[in-house]
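The structure's right below; bear with me while I get my questions together.
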Amino acid sequence: MSDVIVIGAGLAGLAAATALSSQGAEVTVIDRKPFVGGRAYSYEHPSLHEIVDCQHVLLGCCTNLRALCEDAGIGDKIRWYDELTFLETNGSSTSIHPSGLPSPFHASPAFLRASMLGLADKVGVARGLVEFLRGYPADDSESVAQWLKRTHQSERAIRHFWEPVIVGALNDSFENCSTRYAGQVFHESFIKSAEGGRLGIPKRPLSEFYGEVARQAQQQGTSFLLTQSVDTPLQRDGDRWLIHLEDQTLSTENVIIAVPFEQVQRLLPAELNTTSDLIANAGQFRNAPITTVHLWFDREITELDHAVLLDTGIQWIFHKSRIRRWPASAGSYVELVISASHPHLKRSREDLLSSSLEELAMFFPAVKKAELRKSGILKEARATFSVMPGLDKFRPSQKTDLPGLYLAGDWTQTGWPSTMEGAVRSGFLAAGEVMDSPRRFLRSDLPPQGLMRWLSK
Ligand SMILES: Cc1cc2nc3c(=O)[nH]c(=O)nc-3n(C[C@H](O)[C@H](O)[C@H](O)COP(=O)(O)OP(=O)(O)OC[C@H]3O[C@@H](n4cnc5c(N)ncnc54)[C@H](O)[C@@H]3O)c2cc1C
């Protein structure tokens, strides 16, 4: 096997490096940050003196990410939940969880009992889900906003069901998300099998968690050059690529550029036509932000590990002290997640904190009595790219027309939205391309269960 340099130690780069080094390739991974994991990272907050990260969840249907974790020996460091709790400000709670019924009916009893929806809303939701029963559209031109209108979804069904799931999973407004990817979320995680919809949350801070994947790559012979930025376009030197770092130039037969779309433009050798297309296409992507509010209370404010908070600005609560199994006496550490947080980017910390606390107390009255020991707000302006209608044609393949030059990253052609699973898929696909066997490292999707074995396309 030849030598490979991977630029970017996010999940895409880590997946490519572990796959290739497992086959004996000589792999070097370069990243400008001091840690691996890319956007899925944690760090010690300088004034809070706490290790913080922005909550990252996976689903049972994330087969490639799960395989990456299992191969690195951290499969058991993911806490899995079968139940999704939706809370209303009036104190009502709906729990969606699987029953013994065969898929696609596994969650039907819980859904029929759901107090957050009226009968007409449920009929509309069921009618909508039927559209994704056999699969989801291959074409990505229709927006979710158009789809909701076309399938006559009620205002309450939108607020209490479609919005929390779609905005939570795709991180943008209905106008900026294509039905193809919303359909994929519902088909893979609500309809096809109960396992596909399980919610997985790493039990450890993200850099510690994904550090184990890097350790596995290292054991297989991969070298890491961290705090090294590639700031100039790659250069061709015969049949090799030259990569200029601050104090050295590396030469390699194969290079995988595994950086986000907004970073790729300055690394590509722009004089080549193919890459000029890539540069233009990368300009079609847009980022969407996520804001998280971190709160440390002196006592436990709820016994729930996580929940969807309906009709508020703070859409999800993750009770990290419980997820990490801290003793109740340590108080509550909770993270509130605001997806697609464009309107909140310019709000002051004080303003965001006071409205979040007020909203949180509507669901958990214990907040009013608890003492807030510490708080922090993290704003990630470039959290994900938006799967805007029509974007698919601009997502590049992992193989470029240039020999030895490959791309990876959640934004490349993965068939998935901007997620950790998409990133890992892109890394496995790029590694496969390097070995002239594109799908070699890619894991299969979960098989359909129950009646879905006959109904799924
Ligand atoms: C707040 C937040 C919450 C999220 N929640 C979820 C979630 O719940 N579930 C989920 O599946 N996904 C979630 N995501 C999305 C997920 O983090 C990304 O889709 C995924 O991590 C992207 O991985 P990547 O390897 O493609 O890119 P990145 O993680 O961005 O990695 C790219 C790497 O390239 C490096 N790099 C860039 N330019 C250079 C250069 N010039 N030289 C050297 N190195 C360079 C960067 O430092 C970085 O480490 C979330 C993201 C954020 C920010």
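Roughly what % antiparallel, to the nearest 5, for the DSSP beta bridges in the chain?
Antiparallel bridges make up about 70 percent of those DSSP assigns within the chain.
First compute the accessible area of region 102-190 with a 1.4 Å probe, then give the percent of it belonging to carbon and sulfur atoms.
62 percent
Mind grabbing the accessible area of Met452 for me, 1.4 Å probe, Å², rounded to tens?
My reading of the accessible area for Met452 is about 0 Å².
Top to bottom by accessible area (1.4 Å), largest first, where do Ile256, Ile290 land?
Solvent-accessible surface, decreasing: Ile290, Ile256.
If you don't mind, another one. For a test of the definition: using alpha carbon positions, the gyration tensor, and the 1.5 limit on a/c, classify region 95-197 as rounded, prolate or oblate.
Taking the square roots of the gyration eigenvalues as a ≥ b ≥ c, region 95-197 is oblate.
Measure nothing but the geometry: give the 0 to 90° angle between the long axis through the Cα atoms of 11-22 and the longest principal axis through the Cα atoms of the chain, rounded to 10°.
Approximately 50 degrees, to the nearest ten.
Kindly state, as a whole number, the per residue volume in cubic angstrom of the convex hull around the alpha carbon atoms of region 287-385.
So the per-residue hull volume is 92 Å³.
Let me ask something else. What do you get for the angle between helix 420-434 and the principal long axis of the chain? Use alpha-carbon atoms, 0 to 90 degrees, nearest ten.
The answer is roughly 20 degrees.
Report P(r) for the chain: all Cα-Cα distances, bin width 20 Å, range 0 to the bin holding the largest distance, values in whole percent.
24, 56, 19, 0
Under a 1.4 angstrom probe, counting protein chains only, how are Arg425, Arg79, Arg349, Arg453 ranked by accessible area, largest first?
Arg453, Arg349, Arg79, Arg425
Here is a follow-up. Quick one: dipole size for the chain, taken about the Cα centre, charges +1 on Lys/Arg Cβ and -1 on Asp/Glu Cβ, in debye to the nearest 20.
Approximately 1040 debye in magnitude.
Can you list residues from other chains, or at least 5 along the same chain, whose modelled amide H is less than 5 Å from the amide H of Ser143?
Under 5 Å from the amide H of Ser143 lie the amide H atoms of Thr179, each far enough along the sequence or on another chain.
Next question. Within a Cβ distance under 12 Å of Lys374, other residues only, what is the Lys/Arg minus Asp/Glu net charge?
For residues surrounding Lys374, the net value is -2.
Also: Each residue of region 77-92 in order: what ³J(HN,Hα) in whole Hz does its phi give by Karplus 6.51 cos²θ - 1.76 cosθ + 1.60, θ = phi - 60°, with x for Gly and Pro?
9, 10, 8, 9, 10, 8, 10, 10, 9, 10, 10, 10, 5, 7, x, 6
Here's a follow-up. For region 316-378 and region 28-60, write down the distance between their C-alpha centroids in whole Å.
Each part reduced to its Cα centre gives a spacing of 19 Å.
Can you work out ³J(HN,Hα) from phi for every residue in region 345-355, in order, using Karplus 6.51 cos²θ - 1.76 cosθ + 1.60 and θ = phi - 60°, giving whole Hz and x for Gly and Pro?
After applying 6.51 cos²θ - 1.76 cosθ + 1.60, I find 4, 8, 6, 6, 4, 4, 5, 5, 5, 5, 5 Hz.
May I pose another question? Heavy-atom accessible area of Ser341 with all protein chains present, probe 1.4 Å, nearest 10 Å²?
So the heavy atoms of Ser341 present about 0 Å² to solvent.
Moving on to the next point. Counting each DSSP H run of 4 or more residues in the chain as -39500 (n - 2.57), what helix-only mean residue ellipticity at 222 nm follows after dividing by all residues, to the nearest 500 deg cm²/dmol?
Using -39500 (n - 2.57) per qualifying helix, the result is -8000 deg cm²/dmol.
If packing is taken as the average number of other Cβ atoms within 10 Å across a peptide's residues, how do 29-40, 120-131 rank, most packed first?
Descending mean neighbour count gives 29-40, 120-131.
The values are calculated or read from the model by the stated rules, or taken from the named source; none is laboratory data. Values in this document were obtained by computation on a predicted structure and should not be read as measured data. Here the Cβ is made from the backbone with ideal geometry for all residues, glycine too, and neighbour counts use every protein chain on show. Quick note on the areas: whole protein, heavy atoms, side chains included, nothing else; ligands and nucleic acids left out. Shrake-Rupley method; radii C 1.70, N 1.55, O 1.52, S 1.80 Å.
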